[in-house]
Amino acid sequence: MNNPVITPGTCPPRCSGCRLRQTSAFTPVKPDELDFIEAFRSGTSSVPAGGTIIYEQKSSGKLFTLYSGWAFRYKTLSDGRRQILNFLLPGDFIGLQQEFSDGAMHGIEAVTDVALCVFPREGLWKLFREYPGLGYDITWLSARAEGMVDDNLLTAGRRNATERVAVLLMHLYRRLERIGLAEGGAIDFPLNQQHIADALGLSLVHTNKTLRRLQQLGLHELYNGRLRLLNPKALQRIADYYETPPRQVPLV
């Protein structure tokens, strides 16, 4: 896949200058649809690592496309225990679930510095009325997100610790590879072990032991914020993770 590398930075002033759209990972849009997306966008935003993009149980009235950086969607219990629902990467559309509740059903936090394109929620009505193709794209993205939740439920309910860690490493690597952010079998990997534990429903000690076991087997290497897959085929077999060839996905 010949994709230009997407470097972190601020969102471009015009959608036509979007580096994400220059990759082969996303479905092309018609000129009038691109004009609408640009008019729909109300601004851009930058959030530092550790900052909040959406507060749990508070409605922001905004939608976002993550342009660069990493974030995660999460829910917490009253005693502070946290479940990370999924990790968000460049191109992901954020905040649609707020449409169906009085407040955000989850929180979203930046793992790294992130850049976001910002859209007003009320603009969705015009999008569905006047641009049904883009409306279908939004529906497709929602169905895809639901599919990821299904996969996460399978992982938490049926996979053991080794399988859980293996599937997370493979899934994140493949997602970044699709948008041109993998190089030589390696990706930037800003997650710490607490992130992984909270995503997989494991204790921090169990997460540490499992990562070390997989590394000792020569399957991967985690060093200085970089993940390198040394034996991806073995990781796929352990995780029972066999992704079909990547298809293009919508980008709003």
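Here is how the numbers come out for the structure above:
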item: Protection proxy ranking of 111-119, 158-166, 12-20 - average other beta-carbon atoms within 10 Å, highest first; result: 111-119, 158-166, 12-20
item: Accessible-area order (highest first, 1.4 angstrom probe) of the listed residues 183, 146; result: 183, 146
item: The chain shape via C-alpha gyration tensor axes, a/c threshold 1.5; result: prolate
item: Cα gyration tensor shape for the stretch 120-187, rounded if a/c is under 1.5, else prolate or oblate; result: oblate
item: Reach of residue 58 by Cα under 20 Å, taken over lysines that are not fewer than 8 positions away in the same chain; result: 75
item: Highest to lowest packing among 62-72, 77-87, scored as the average C-beta count within 10 Å; result: 62-72, 77-87
item: Theoretical ellipticity at 222 nm over the chain - DSSP helices of four or more residues, -39500 (n - 2.57) apiece, nearest 500; result: -11500 deg cm²/dmol
item: Solvent-accessible area per residue, Å², over the stretch 140-240 with all protein chains present [probe radius 1.4 Å]; result: 51
item: Cβ crowding within 10 Å averaged over residues, with 210-220, 238-248, 42-52 ranked highest first; result: 210-220, 42-52, 238-248
item: Total charge dipole magnitude, the stretch 96-252, about the Cα centre, Cβ charges on Lys, Arg, Asp, Glu only, Debye to nearest 20; result: 640
item: Cα-only Debye scattering, the stretch 187-229: base-10 log of I(q)/I(0) at q = 0.23, 0.24, 0.25 Å⁻¹; result: -0.80, -0.87, -0.92
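The values are calculated or read from the model by the stated rules, or taken from the named source; none is laboratory data. Because the structure is predicted, anything quoted here is derived from the model rather than measured. Note: ideal-geometry Cβ built from the backbone for every residue, glycine included; neighbour counts use all protein chains shown. Each accessible area value is taken on the protein alone, full model and side chains, heavy atoms only, with ligands, DNA and RNA left out. Shrake-Rupley method; radii C 1.70, N 1.55, O 1.52, S 1.80 Å.
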